[in-house]
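A.B. asks: Can you read through this structure? Questions will come right after.
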Amino acid sequence: LNVLFSNNGYVLNSTIDGCIQMKSYLSGNPELRLALNEDLVIGRNSDRYGSVVLDDCNFNDCVNLTEFDSARLLSFQPPDGEFVVLNYRMTGEFRTPFRIFPAIEEIEPTKLEMSVLIRAEVPENHYGANITVEIPMPHCTSTASCSLLSGNMSGHAEYVAQDRKILWTIKKLPGATEQTMKVKINLDKPCTSQIRRELGPINMNFEIPMYNLSNLQVRYLRIAENIPGYTPYRWVRYVTQSSSYVCRL
């Protein structure tokens, strides 16, 4: 997931670079059939309508696409171990899982105060995990102190002087909740527009288990032929991960 926000929280651009990754440990190398959304559309200029529109996608060489256009069905004999069945890209309007709202105020010529609010806009039954937020500070920063608003039990924020950045970690942020950090920054010299430009941008990293922002779904995954006495285990897991999730200051 790649998203760039403006300093007032609006999305400037956003893309999803996704894949269907598979691990196979089947004996006998049987043919598999994997079905995707029936109303899946490939290409923004397509004259078809669907709930999931991918800009483009490419398939592993082992995939047979004979039934893909008619039934959105892939068939293949999987190589042993882990491999990527398909890669895809999606741009355009989709609901970002987290919104970032920064605010900066110059208290005195050498003192700044910054607040950063992060709002989880995923459904309440999902959550962001292993969240880190990094904010570079100006070179002339002498000290910086962080505080988290009350009720924030799963977070920790500190100024890492050697890297000249704020590091805010949140173990878990449930959907439909928000958390706020405040930072007091002391500078060695009065703040100028050049110093102000050294502040930020905000970089956020996270993952959201069992959540798929693109809505590309695996309808089913099965062995093509019914082999007597052969009952393999199978499961499908979704995860959304940040790649570049940035908010300008």
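A.B. asks: Could you point to the residue in L199, L1, Q241 farthest towards the positive end of the chain's charge dipole, with +1 and -1 charges on the Cβ of Lys/Arg and Asp/Glu respectively?
C.D. replies: So the residue furthest toward the plus end is L199.
A.B. asks: In segment 1-137, with Lys and Arg counted as +1 and Asp and Glu as -1 at Cβ, which of these residues, F68, A103, Y10, has the Cα nearest the positive end of the dipole, that is, farthest along it?
C.D. replies: With unit charges placed on the Cβ atoms, the residue in question is F68.
A.B. asks: Roughly how many debye, to the nearest 20, is the charge dipole of segment 140-243 about its Cα centre, given +1 on each Lys and Arg Cβ, -1 on each Asp and Glu Cβ, and no other charges? Don't skip to the answer; put the middle values down first.
C.D. replies: Details: 13 positive and 7 negative charges, 20 e Å.
Dipole about the Cα centre, nearest 20: 100 debye.
A.B. asks: Tell me the label-point distance for the pair A161, E106, using the 7 Å Cα-to-Cβ offset, in nm and rounded to one decimal.
C.D. replies: In this crude label model, A161 to E106 measures out at 2.6 nm.
A.B. asks: Relative to the Cα centre, what is the charge dipole magnitude of the chain, using +1 at the beta carbon of each Lys and Arg, -1 at the beta carbon of each Asp and Glu, and rounding to the nearest 20 debye?
C.D. replies: Once rounded to the nearest 20, the dipole reads 540 debye.
A.B. asks: How much length is gained on full extension from N87 to V246, taking 0.36 nm per residue of separation minus their Cα-Cα distance?
C.D. replies: Extra length available between N87 and V246 comes to 54.9 nm.
A.B. asks: Something else now. Taking a ≥ b ≥ c as the square roots of the Cα gyration tensor eigenvalues, with a/c under 1.5 meaning rounded and otherwise prolate when a/b beats b/c, else oblate, which class fits segment 120-249?
C.D. replies: prolate
A.B. asks: From Cα coordinates alone, what are the radius of gyration and Dmax values for segment 86-188 in angstrom?
C.D. replies: Rg, Dmax (Cα atoms, Å): 15.9, 54.
A.B. asks: Mind computing the radius of gyration and Dmax over the alpha-carbon atoms of segment 170-238? Å is fine for both.
C.D. replies: 24.5, 78
A.B. asks: Quick one: compute a quarter of the convex hull surface over the Cα atoms of segment 1-79 and quote it in nm².
C.D. replies: Over every viewing direction, the Cα hull of segment 1-79 projects on average to 7.2 nm².
A.B. asks: Please list 99-112, 57-70 highest first by mean number of surrounding beta-carbon atoms within 10 Å per residue. Spell out each step's value before the answer.
C.D. replies: On the way: 99-112: 15.5, 57-70: 12.7.
Most protected by this proxy first, the peptides run 99-112, 57-70.
A.B. asks: Now a separate question. Give the residue from L34, Y49, V116 lying farthest towards the positive end of the charge dipole for the chain; charges sit on Cβ (+1 for Lys and Arg, -1 for Asp and Glu) and the dipole is referred to the Cα centre.
C.D. replies: So the residue we want is V116.
A.B. asks: What's the carbon and sulfur percent of segment 116-249's accessible surface, probe 1.4 angstrom, rounded to a whole number?
C.D. replies: 48 percent
A.B. asks: Let me ask something additional. Using 1/(1 + (r/R0)^6) with R0 = 25 angstrom and r between the beta carbons of T192 and E113, what's the FRET efficiency to the nearest 0.05?
C.D. replies: Using R0 = 25 Å, I get an efficiency of 0.90.
A.B. asks: Given segment 35-84 reduced to its alpha-carbon atoms as identical point scatterers, what log10 I(q)/I(0) does the Debye formula return at q = 0.15, 0.16, 0.20 Å⁻¹?
C.D. replies: Each listed q corresponds, in turn, to -0.46, -0.52, -0.75.
A.B. asks: Hey, if you drop one equal point scatterer on each alpha-carbon of the chain and run the Debye formula without solvent, what base-10 log of I(q)/I(0) do you get at q = 0.16 Å⁻¹?
C.D. replies: -1.11
A.B. asks: Moving on to the next point. Using only the alpha carbons of segment 1-135, determine the length spanned along each of the three principal axes and report them from longest to shortest in whole angstroms.
C.D. replies: Sorted largest first, the three principal extents are 71, 39, 28 Å.
A.B. asks: Once fully extended, how much extra length lies between Y238 and N58, figured as 0.36 nm per residue of separation less the alpha-carbon to alpha-carbon distance?
C.D. replies: Details: separation 180, 0.36 × 180 = 64.80 nm, distance 1.93 nm.
62.9 nm is the gain from fully extending Y238 to N58.
The values are calculated or read from the model by the stated rules, or taken from the named source; none is laboratory data. In this text the structure is predicted, and so the values were computed from the model without any measurement. Neighbour counts run over all protein chains shown; Cβ positions are idealised from the backbone, glycine included. For the accessible areas, the whole protein counts, side chains as well, though only heavy atoms, and no ligand, DNA or RNA atoms are used. Shrake-Rupley method; radii C 1.70, N 1.55, O 1.52, S 1.80 Å.
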